[in-house]
Every structure is written in C-alpha cells, then in structure tokens.
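Single-structure report; data block below.
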Amino acid sequence: MSWFKKLTDGLRKTSASASSKLSGIFSGKKINAETLESLEEALISADLGVSASQKIVKELAKIYEGESSDQDELLEALAKSITDILEPFEERLEILDIHSPHIMILVGVNGSGKTTTAGKLAKRFSQEGKKVVLVAADTFRAAAIEQLRGWAEKTSVDLMSSERGADPASLVYKSIEKAKSEKADLVLIDTAGRLQNRIELMEELAKIIRVIKKLEPKAPHNSLIVLDGTVGQNALSQLKAFKDVSAITGLIMTKLDGSARGGILVALAEEFGLPIHLIGVGENAEDLQDFNAKAYARALLGLTEK
Ligand SMILES: Nc1nc2c(ncn2[C@@H]2O[C@H](COP(=O)(O)OP(=O)(O)OP(=O)(O)O)[C@@H](O)[C@H]2O)c(=O)[nH]1
Ligand SMILES: [Mg+2]
C-alpha cells in the first residue's frame, strides 16, 4: 500500500468528520460573511484551533468573498492554506555527525507511543548504518524493558537497562558514558509515561535532562514529545507542560490511524511553532513516516495525492 493511501486511510475518520462539516457550508452558496463564519466554526470544531482557523478563513476570503462557491476548488484552496501553515515545520529527524554521540530523548504521557517509536527509530537509524545505543529509561514498568528488548533484538541494537525501580537518571548517565567510549553515533532514550500534572514525575524528567547536560551541555540534541493523535485538545496542554521541563525541540504524533482528531496538528504548529518530525499511522515499523505537510493537509481533507 502506498504511504499516501495509508495516510488517507488513517485520517479517514478525521476527513470524514471534516468533510461532513464542510460540505453543507460550501454547496452552491455564495461565499459571504455568513458562510465564512460557518467555515471558521467547522475548522475550529475539527481541532485546527482558533488562530489557525481564522488565518485560513482570512486567506480564503481574500480570494473568494462574493464568488459563488465551487466545493472542489474551495477544498483545494483549504488544503493549500493548511499546507502553508504546516510546511515551515516539516523537518526530517537527523543524526548529526558533529555530535558524538547525538542524544535523543522521547517524552510524553502514558501510552502515547514512546516505546514503539523508540523501537522504530532504532531500526531506522541502524539501517542507515548508525551505531545506536537504546536506553530503557522507563524503570517503572518491568514490561517496558522487555518491550524495548524485543525491538533491540530485532534490529541488533545495544540495549541499556537496569532493574525495576532504579533511578533512570543514573542509567542515562551510564549509557552516555558507554556510548562515548564505544564511539556510538546515537543514544536514544525511552522514558516512562508521565501525566503532565504529576509534579514528582516531571521533576524526575528534569533530573534526567540535568544529568544529560552534565555530560553534554548542548544535549539532548532532540527532546521529542510523542503525542497520541487521538486525544485532541489535551495535546496542547501536554506540550506546554513538557516544554517547560525538557525544552521540547520537536514533535512526533502517533495513532493518526483511527483518530478523528488529526486536525490538532495544525493547532499545535500554529501555537508552538515546533518542528513536526514524524507521524505514526499504525503499529509496524514502516508506519512511522517523515511528516509531509502537503500530503497531510490533503489527506486531512480527504483529497487525492497531487
Ligand atoms: N494504531 C496505532 N497504534 C500505535 C501507534 N503507535 C503506537 N501504537 C500502539 O500504542 C500502544 C502504546 O504504545 P507504547 O509505545 O507502549 O506507548 P508508551 O508511550 O511507551 O507507553 P508508556 O510507556 O506506558 O507510557 C501500543 O499498543 C502500540 O502498539 C500508531 O501509530 N498507530
Ligand atoms: Mg513505554
């Protein structure tokens, strides 16, 4: 199956809900203040956020106000506006050779897809010929280590782990030292899920970051938040809280298959202006793909690839 088809299938719930909201607005009517207002409401209720929705409607109004509407043409124009908002944040996740090692940490709330993503990324980078040290810094759940070990074995990547309940920060410290002595290219750290309002868990994360900085002042080079694409508006408060603790440098959104809330990525881009690296549309390794603004915008509206 092509990637675009997978993306479109994945976003079908979002696009179905968006198009049912949009079709009533556009069908045959003249575009005036009233239709534009309905459009803005529809975009907001599709999770795109107030600011982005207003921007998009303003753009469309410039071109189409007073014209009679053609559904297809308007959808194309909408896709273009959404692409324009997202495109500046399309950024491939890269390991830089000037860092030795490059240090990447995955953070987020419980169940957002961190461990799966860590496994998929370990696979990707080791296939690119990089020497990867995968760190199971989720020491809360015994199953978490096993889950990561499965990925590490499949991809012949080194796994660093410690016993359950151990201090994740000291494991991270040891892992970076080991990576340095072995001249590894990448240290990829999976962390435990933590709700953004659990102060003691956020403090534990802050400690992990401090320990990384002790060894590498400019690291982590990527502090990536993994967001579950099905949670909608809560993603905004998650990002806000994690940004304060671990200086998030970019985001990854998983579970866009089966989500009706895919529009939230536009709100996140507009509000936080952070790079969007990857999106997940399934559980297999190939289901984690580089973010492409145009493909995403078109799939979001149920349009064909172009
Ligand atoms: N459908 C779908 N499922 C996904 C995707 N990414 C992850 N999952 C599933 O989501 C579930 C949780 O994923 P994990 O990777 O364990 O999440 P986590 O953030 O590590 O969870 P905690 O460590 O408990 O905080 C698993 O069943 C994954 O297979 C995706 O893109 N699509
Ligand atoms: Mg996990």
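Here, each number is a calculation from the coordinates, and none is a lab measurement. Remember, predicted model here, so these are calculated numbers, not experimental data. Ideal geometry is used to build each Cβ from the backbone, glycine not excepted, and the neighbour counts take in all protein chains shown.
Around Val132, what is the net charge, scoring Lys/Arg as +1 and Asp/Glu as -1 over all other residues with Cβ under 15 Å from its Cβ?
+2
Which ³J(HN,Hα) values in Hz, rounded to whole numbers, follow from the phi angles of segment 215-226 under the Karplus curve 6.51 cos²θ - 1.76 cosθ + 1.60, where θ = phi - 60° and Gly and Pro get x?
8, 9, x, 8, 8, x, 6, 10, 10, 10, 8, 9
Using every Cα-Cα pair within segment 63-195, state what percent have a distance larger than 22 Å.
Result: 47 percent of Cα pairs exceed 22 Å.
Would you mind checking which residues have amide H under 5 Å from Gly250's amide H? H placed 1.01 Å from N; only 5 or more apart, or other chain.
Result for Gly250 returns Ser223, Ile225.
Kindly write out, for segment 33-50 in residue order, the coupling ³J(HN,Hα) from the Karplus curve 6.51 cos²θ - 1.76 cosθ + 1.60 (θ = phi - 60°), rounded to whole Hz, with x marking Gly and Pro.
Karplus values, whole Hz, x for Gly and Pro: 3, 5, 5, 5, 5, 4, 4, 4, 4, 4, 5, 4, 6, 8, 6, 6, x, 5.
Considering all alpha-carbon pairs of segment 57-100, what whole percent are spaced by more than 12 angstrom?
70 percent
For the chain, with a Gaussian network of springs between Cα atoms less than 10 Å apart, report the residue from Val226, Val135, Val157 with the top mean-square fluctuation.
Val157
Cβ under 11 Å from Gly282's Cβ, Gly282 left aside: what net charge do those residues give with Lys, Arg +1 and Asp, Glu -1?
-2
For segment 200-306, count all C-alpha to C-alpha pairs, find those more than 22 Å apart, and express that count as a whole percent of the total.
Counting every Cα pair in segment 200-306, those more than 22 Å apart make up 37 percent.
Over the chain, what is the percentage of antiparallel beta bridges among all DSSP beta bridges, to the nearest 5?
15 percent
Tell me, what is a quarter of the convex hull surface for the C-alpha atoms of segment 3-89, in nm² with one decimal?
Seen from a random direction, the Cα hull of segment 3-89 projects 5.7 nm² on average.
Using the scaling law 2.2 N^0.38 Å as the reference, what is the normalised Cα Rg of the chain?
Rounded to two decimals, the normalised Rg is 1.08.
Could you put Asp47, Asp167 in order, starting from the residue whose Cβ has the fewest other Cβ atoms within 10 Å?
Least to most surrounded, the residues fall as Asp167, Asp47.
HN-Hα J couplings of segment 99-104 from phi, Karplus 6.51/-1.76/1.60, θ = phi - 60°, integer Hz, Gly and Pro as x?
8, 9, x, 6, 10, 10
Could you work out the Rg to Rh ratio of segment 144-245, with Rh taken as the Kirkwood radius (inverse of the mean 1/r over all Cα pairs)?
That ratio is 0.97, to two decimals.
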